[in-house]
């Protein structure tokens, strides 16, 4: 097989002078010096700048409402409850005039693994996993009821 | 009475406090510069741009629990960091920041604390005492890694002191005096800084200076990944802070001596050239601090760039290469000075 680079033996004199005058060492110093320019620096300062995540990122769940009349889009078909591999979702419904109306909807985000199977199973655009990933709280309130799901997750803005 | 006691006491207090401030902000400078060279930002949250980070570190270290390991030699354990710190700070009494005189309430005040006839010898002697603190600290910790780290560190410091001494001797051949002020004045008389006349001596001094303070690339004895933390493994809280301050004070010391001996102390570049006399507008103290700042930056730059020497490579460089080169430099300088008057 052919080698990609061949080994060329350097002359003894040039190697000797390179080690006396520390040429490679100074080249290394120049490289690290030039790494200091601000265009190289891609650090994102977290609480002030949030990372921009993809549109399909699976974050906190939200129960969407119809934008025109404000009613919930959920048809209480319970497909999300069937699809969830961890059984985080509990859907409660009642039958009014031959239509299922949603009454209670609880979602346990403590156990949820954000796989998105419930979002895929839902036939309407009601259940959606948003891009919100900052879900830490001070109390153990991991079971979200319908109202909190419809309001959507709360984003805290940091000023510094 | 006042001149001999009160004024030096006030000067000592001022220099000590300023030095503590510089040591604290040297840690900040190091973190920021190493971070920028590693394409990241360093401390940014504590104050504006992280400027209050050293204060946060100091407060944290003061509140940490003070652990003395079981089986450790208690008094020596407590005293060892102090042995390292005291010479590191005391040496600043002979370093001249400038030669300008002012009068305060009618008494002449100069910007250095004292000008000993044997200034540079005093500096070398005190920096050798600092080695004791390291050996005693590691030995009294009653633990394997500090013991090994301290022995290696002491051996390294002792072997690089020889080469450093010879590099300094090559400067003394030109300055004919051990006093620090006379060395700077000799550079003024010659018109050139000694780094230009003695480049070999300068580089050897820098390399030995980096090795003396146990800084990268010679920091195997205290490297975080090699020997846990070397001789200061068992130290926590404020004792660790004392070792840390002593290390940074030693860095500032080596930088100041390099600035004084090789880069002209408080002189501006090309001090005798009339065309550049506009540079004299900047006071000598400012030039001195700029030079010290450059050497500190060089220290940090070296840390961010170079990998670490293995211990046998380190000792080989010190004994087999640097000492013969520095002795050769002294002989060459002496011959040139004697026969050619250069």
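The values are calculated or read from the model by the stated rules, or taken from the named source; none is laboratory data. Everything numeric in this text was worked out from a predicted model, so none of it was measured. Positions of Cβ are backbone-derived with ideal geometry, glycine not excepted, and every protein chain shown enters the neighbour counts.
State yes or no: is residue A:59 in contact with a strand residue (DSSP E or B) (Cβ under 8 Å, 6 or more places away or on another chain) and over 30 Å from residue B:44 (Cα atoms)?
no
On the given criteria, is residue B:275 more than 16 Å from residue B:209 (Cβ to Cβ) and either in contact (Cβ under 8 Å) with a residue 60 or more places away in the chain or within 14 Å of chain A (Cβ to nearest Cβ) (or both)? Full working, then the answer.
Working: more than 16 Å from residue B:209 (Cβ to Cβ): yes; either in contact (Cβ under 8 Å) with a residue 60 or more places away in the chain or within 14 Å of chain A (Cβ to nearest Cβ) (or both): no.
So residue B:275 does not fit the description; no.
Condition check ((1) part of a loop (DSSP other than H, G, I, E, B); (2) in contact (Cβ under 8 Å) with a residue 12 or more places away in the chain) across all residues:
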position	(1), (2)
A:26	no, no
A:44	yes, no
A:68	yes, no
A:86	yes, yes
A:104	no, yes
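Here are the criteria: (1) out of contact with any strand residue (DSSP E or B) (no Cβ under 6 Å at 6 or more places or on another chain); (2) in a loop (DSSP other than H, G, I, E, B). Tell me which single one residue A:74 does not satisfy.
All conditions are met except number (1).
Quickly run through the range A:135-154 and pick out the residues that are part of a helix (DSSP H, G or I) and out of contact with any strand residue (DSSP E or B) (no Cβ under 9 Å at 6 or more places or on another chain).
From the range A:135-154, those part of a helix (DSSP H, G or I) are A:146-151; that's our starting set.
Residue satisfying the conditions is A:147 alone.
Being over 30 Å from residue B:50 (Cα atoms), surrounded by fewer than 18 Cβ atoms within 10 Å (Cβ to Cβ) and modelled with pLDDT of 90 or more is true for just one of A:77, A:115, A:122. Which residue is that? Before you say what the answer is, go through the steps one by one.
On the way: A:77 fails: modelled with pLDDT of 90 or more; A:122 fails: surrounded by fewer than 18 Cβ atoms within 10 Å (Cβ to Cβ).
Going through A:77, A:115, A:122 in turn, just one is over 30 Å from residue B:50 (Cα atoms), surrounded by fewer than 18 Cβ atoms within 10 Å (Cβ to Cβ) and modelled with pLDDT of 90 or more: A:115.
What tally of residues in the range B:28-49 results from selecting those that are more than 25 Å from the chain's Cα centre (by Cα), outside any loop (DSSP other than H, G, I, E, B) and surrounded by 15 or more Cβ atoms within 10 Å (Cβ to Cβ)?
Matching residues across the range B:28-49 total 0.
Scan (1) more than 24 Å from residue B:134 (Cα to Cα); (2) at pLDDT 90 or above for the single condition residue B:42 breaks and write down its number.
Condition not satisfied by residue B:42: (2).
Might you let me know whether the range A:10-20 holds any residue that is at pLDDT below 80, within 14 Å of chain B (Cβ to nearest Cβ), surrounded by 10 or more Cβ atoms within 10 Å (Cβ to Cβ) and under 30 Å from residue B:32 (Cβ atoms)?
no
I want to confirm something. Restricting to the range A:21-63 and keeping residues that are in contact with a helix residue (DSSP H, G or I) (Cβ under 8 Å, 6 or more places away or on another chain) and more than 14 Å from every other protein chain (Cβ to nearest Cβ), which single residue is farthest from residue A:89 (Cα to Cα)?
So the residue we want is A:58.
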